[in-house]
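J.: The structure is given below, and queries will be raised subsequently.
FYI, it's all coordinate maths here, none of it is from the lab. Note that the coordinates shown come from a computational prediction; the quantities given were computed from them, not determined experimentally. Glycine gets a Cβ as well: all are built from the backbone with ideal geometry, and neighbour counts include every protein chain shown.
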Amino acid sequence: MAAVAARHIRKQFGDVFAVNDISLSVNDGEFLVLLGPSGCGKTTFLRILAGLESQTSGDILIGGENVNEVPPRARGIAMVFQSYGLYPHLSVFNNIAFPLKTQNTPRDELRRKVDWAMRLLSIDHLSSRRPRQLSGGERQRVALARALVREPTVFLLDEPLSNLDAKLRTSARSELKQFQQTVRTSTVYVTHDQVEAMGMGDRIAVIDHGQLRQIGTPTEIYDQPADEFVATFLGTPPMNLVEREGGSLGFRPEHFLPREMLNGSALAEMPFRIDRMEYLGSERILYGEIEGRPSKRIVTAKLPAHAASDQLRAGDRHAFAVRCSELHYFDREGRRTREGAVQ
Amino acid sequence: MTTMARRIAGTGSFYSAVVLLVLFAAFPFYWMLITTFKQDGDLYNLQSIPYWFNESPTMEHIDYLFTDTLFLRWLGNSALIGVCVVAITLVVSLPAGYSLARMPGRAAENLGIGIFLTYLVPPTLLFLPLSRVISLLGLQDSLWSLVLVYPTFTIPFCTWLLMGFFKSVPREIDEAAIVDGCTMVGAFVKTILPLSLPAILTVIIFAFTLTMQEFVYALTFISSSDQKPITLGVATDLVRGDVYYWGELMGAALISSIPVAIAYNLFLDRFISGITGGAVKG
C-alpha cells in the first residue's frame, strides 16, 4: 500500500503554477527523493503534503485516507526543515519531547521515547543543551529525533543537509540513509543536489517548472532519462547533446572516449577537437566540440586520469566514439524517442 | 611617547565628552532634587546661589504634597491607567503583529505602514473627534476615558514594533510547532511568545511610559481632581493662577519619574534588543 499518494496536485500563485499536475505515490518504507533546481516547486509540493500550504486542486492521501481537509498536526507526518526549526528556548530534551507533550503523552512514556530517540541518534549526552550550543550536524540529529518520536506515517525532509559544510554533508548523508533503513519509515526528501538524490533515493522524482519530469530508480533516471531536462540535470558534467536530424543526440561524457579505447563494432565515431583539459586527480575532463555536429553547449568527455594521456593535448583533433547502445535520442520537443532512429 | 600622549588625549576627550553629556542629562534631575528640599525663602531669593542650599533643607514641600494634595491618588490613577493600557495594547498588538508578520504578499507590508501612519496623527488634532466619542459613551470626566483613548496611539506603534520582531523569528519555528501537533494559536503561545520576551518587555515599557507622560487628552477629558493622572494633577492643581508651588511641583515630578527610570535601567539591554531585534537578525 502507498504510504502517501498525491493525485493531480496543482498549486497556483497568481498566474503561475508552482506545482502543475503532479501525481506520485510513496511506497511503504520507501525513500523518495524530489529532485529539481531551485524554484522548481519541489518544496511547495512537500509543504502541500505537510498541509502547511493548501493545494489549488488535487488530492493528498496519507495511509489511504484523504487528508485534504486535515490540519498538519493530524496528518501523521513529521517534518525536518531546512534550518531544522528547532525551538531556541527549549533544551534538546524538551525539543524532542515537544510533539509528545502536545499529544499529552504520559510522562513515563514520554521519557522512554525521547531517550530511545536520543540514543538512536547518539545525542543523549546533549539532552540539556540549547540548540544554539549545538553544531550543525547535532542540530540536524535533534530535528530528526524530534521527527522520530512522533512515530509518523511519513517523514518529510526539506533539504536537511544544505546547511552543513561539504565534509559533514557526506557523513550526514550516509547516517541519514542508515537511519531511514533502521526505522523503515516512508520518507520524502527534497533536494537540489543530484549526488544526495542518487546516493540516498530508492526512487527519484525529477521536478522542473512545477511538473514531474520523470520518476524512477536512480539507475532508470540516469540511464534512461525521459527528456533532455532530466538528461542534462543529472551527471557531472551533464549529458552531451548534439544536433541531429529531427531532434538531438545525447551521450554521457564518461561514454565518450577515444576511439582506440573502445572495441566492438557498433560505435558512433565523432571527430573531437579538444579545447581544454582539466585534470581532477582520478579523472580528466576534456572540453571541446565535435566537428560537423553543432551543439548548444561545449561537449565534454570524462576519461580515467591516465588513459591515453600522451596522445591527447589541448588543440588536438582526435577520433572519439560512443557505443551505439549508449546513445540517447530525443525529439524536437526534447522527449526521449526510441533508439535506432536516424542518426 | 607621542603615541602615548595621543592615547591620553584621546581617552581624555572621550571622557570629557561623556561627562558633559551626563551633566546635561542629569541636570534637570539635580534641579528637581534640590528645589524639592529648598525652603520657599531660599527659592525666591534672587541673591542666593541657585545651585545649592543657602538655607537648611526642608521636608515641608514633600509633607504638603502627601497630606494636602491628591498626589497619591494621582499616582495611583496613573498606575491604573498604565496597567490597563499595557494590557489592552498587548492583547491587541500581539496577535495583530503576528498576523501581519506571517501574512503572505505585499498586503501585510502596506497594512503595517498604514497602521504606523495613524500613530503619526497628532493628539492635538485627534482629541476633537475623540472627545465626541467619549461624551457619547458617557465617560467624560472619568479616568476610564483615558484607558479607552491611550491605546489609539500605543497599539499602532506596538503592533508595528512587534510585527518587525516576529518577522525576525524564522517561520520554520511556528511551522515546526504546527506539524508537531499545535494549532496556530498553540504554536504562537508555545514557541513565538517565549522567544519574544524582549519585544514584549519593550512594548510594556513603551506603552507604560507613553501613558505616564501624556497630557493633552487628560487635560481635555478630565476636570475632577480625583480622576486625574499624575501629569495633569501636578500641572493643574499645583499651579494656581500665577502661583507656582515649585517645591511640590519638582517633588511630584521627581517621585513619579523614579519608577520609570528604574524600569528603564533594569531592562535597558532587553529594551535595546527589542527595538533593534528586527533590524539585526534579518
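J.: Other chains' Cβ within 10 Å of A:80-86 residues: what's the mean?
T.: Going residue by residue through A:80-86 and averaging, the value is 5.
J.: Label points 7 Å out from Cα along the Cβ direction at A:T170 and B:S223: separation in nm?
T.: Inter-label distance under the simple model: 8.6 nm.
J.: Turning to a different aspect of this structure: Between B:W31 and B:V239, with labels modelled 7 Å along Cα→Cβ, what's the label distance in nm to one decimal, could you check?
T.: Taking the simple label geometry, B:W31 and B:V239 are separated by 1.4 nm.
J.: How many times 2.2 N^0.38 Å is the alpha carbon radius of gyration of the protein assembly as shown?
T.: 1.42
J.: Moving on to the next point. Placing +1 on the Cβ of each Lys and Arg and -1 on the Cβ of each Asp and Glu in the protein assembly as shown, which of A:F155, B:I200, A:L303 has its Cα farthest towards the positive end of the resulting dipole?
T.: A:L303
J.: Running Debye on chain B with equal point scatterers at the Cα sites and no solvent, what base-10 log of I(q)/I(0) appears at q = 0.07 Å⁻¹?
T.: At q = 0.07 Å⁻¹ the computed log10 ratios are -0.39.
J.: How many lysine pairs does the protein assembly as shown hold where the Cα atoms are under 29 Å apart and the two sit 8 or more places apart or on different chains?
T.: Final tally of qualifying lysine pairs is 21.
J.: Further question: Rounded to the nearest Å, what's the spacing between the alpha carbon centres of segment B:109-141 and segment A:212-273? Just the number, please.
T.: 71 Å
J.: Which value in deg cm²/dmol, rounded to the nearest 500, describes the helix-derived mean residue ellipticity at 222 nm for chain B, given -39,500 (n - 2.57) per DSSP H run of n ≥ 4 and division by the residue count?
T.: -25000 deg cm²/dmol
J.: Extension gain B:R106-B:F66, at 0.36 nm per residue separation less the Cα-Cα distance, in nm?
T.: 8.9 nm
J.: Can you list the residues, at least 5 places off or on another chain, whose amide H is less than 5 Å from the amide H of A:L156, using H built in the peptide plane?
T.: When sequence neighbours closer than 5 places are left aside, the close amide H contacts are A:A78, A:M79, A:V80, A:V188.
J.: Shifting gears a bit: Can you give me the long-range amide H partners of A:L257? Hydrogens built in the peptide plane at 1.01 Å from N, cutoff under 5 Å, separation of 5 or more residues or another chain.
T.: Placed amide hydrogens put A:A321 under 5 Å from A:L257.
J.: Which whole-number percentage describes the relative contact order of chain A, with Cα contacts under 8 Å and a sequence gap of 6 or more?
T.: 17 percent
J.: Now a separate question. What list of ³J(HN,Hα) couplings, whole Hz, do you get for segment B:38-55 from phi and the Karplus terms 6.51, -1.76, 1.60, once you set θ to phi - 60° and write x for glycine and proline?
T.: After applying 6.51 cos²θ - 1.76 cosθ + 1.60, I find 8, 6, 4, x, 4, 5, 9, 7, 5, 7, 7, 6, x, 8, 8, 6, 9, 10 Hz.
J.: Could you give the distance between the Cα centres of segment B:71-107 and segment A:137-175, to the whole Å?
T.: Comparing the Cα centres of segment B:71-107 and segment A:137-175, I get a distance of 40 Å.
J.: What list of ³J(HN,Hα) couplings, whole Hz, do you get for segment A:203-216 from phi and the Karplus terms 6.51, -1.76, 1.60, once you set θ to phi - 60° and write x for glycine and proline?
T.: Rounded to whole hertz, the list is 9, 10, 10, 8, 10, 8, 6, x, 10, 7, 8, 6, 10, x.
J.: Could you give me the ³J(HN,Hα) list for segment A:121-130, computed from phi with Karplus coefficients 6.51, -1.76, 1.60 and θ = phi - 60°, whole Hz, x at Gly and Pro?
T.: Working through the residues one at a time gives 9, 6, 10, 5, 7, 9, 3, 9, 6, 8 Hz.
J.: Tell me which residues come under 5 Å, amide H to amide H, from A:R284 once H is placed; ignore anything under 5 positions away on its chain.
T.: When sequence neighbours closer than 5 places are left aside, the close amide H contacts are A:L303, A:A305.
J.: Give the peptides A:42-52, A:139-149, B:180-190, B:48-58 in descending order of average Cβ contacts within 10 Å, highest first.
T.: The densest-packed peptide leads the list: A:139-149, A:42-52, B:180-190, B:48-58.
J.: Suppose a student asked you for the relative contact order of chain B, using Cα pairs under 8 Å spaced at least 6 residues apart; what percent would you report?
T.: 28 percent
J.: If I take R0 = 45 Å and measure r between the Cβ atoms of A:S57 and A:K296 in this structure, what FRET efficiency does the formula 1/(1 + (r/R0)^6) give, to the nearest 0.05?
T.: The formula returns an efficiency of 0.80 here.
J.: By average Cβ neighbour count within 10 Å, what is the ranking of A:324-336, B:228-240 from highest down?
T.: B:228-240, A:324-336
J.: Per DSSP helix of 4 or more residues, -39500 (n - 2.57); summed, then divided by the residues of chain A. What does that give at 222 nm, rounded to the nearest 500?
T.: -7500 deg cm²/dmol
J.: Let me ask something additional. In terms of the ratio Rg/(2.2 N^0.38 Å) built on C-alpha atoms, what value belongs to chain A?
T.: 1.17
J.: Hey, got the average number of other protein chain Cβ atoms within 10 angstrom for residues in A:145-156?
T.: 1
J.: What FRET efficiency comes out for the pair A:S128/B:L197, r = Cβ-Cβ distance, R0 = 30 Å, nearest 0.05?
T.: 0.90
J.: Nearest 0.05, what FRET efficiency do A:T217 and A:Q103 give at R0 = 35 Å with Cβ-Cβ as r?
T.: 0.45
J.: If you don't mind, another one. Using 0.36 nm times the number of residues separating B:V92 and B:L117, minus their current alpha carbon distance, what extension gain do you get?
T.: Stretched fully, the B:V92-B:L117 segment lengthens by 7.3 nm.
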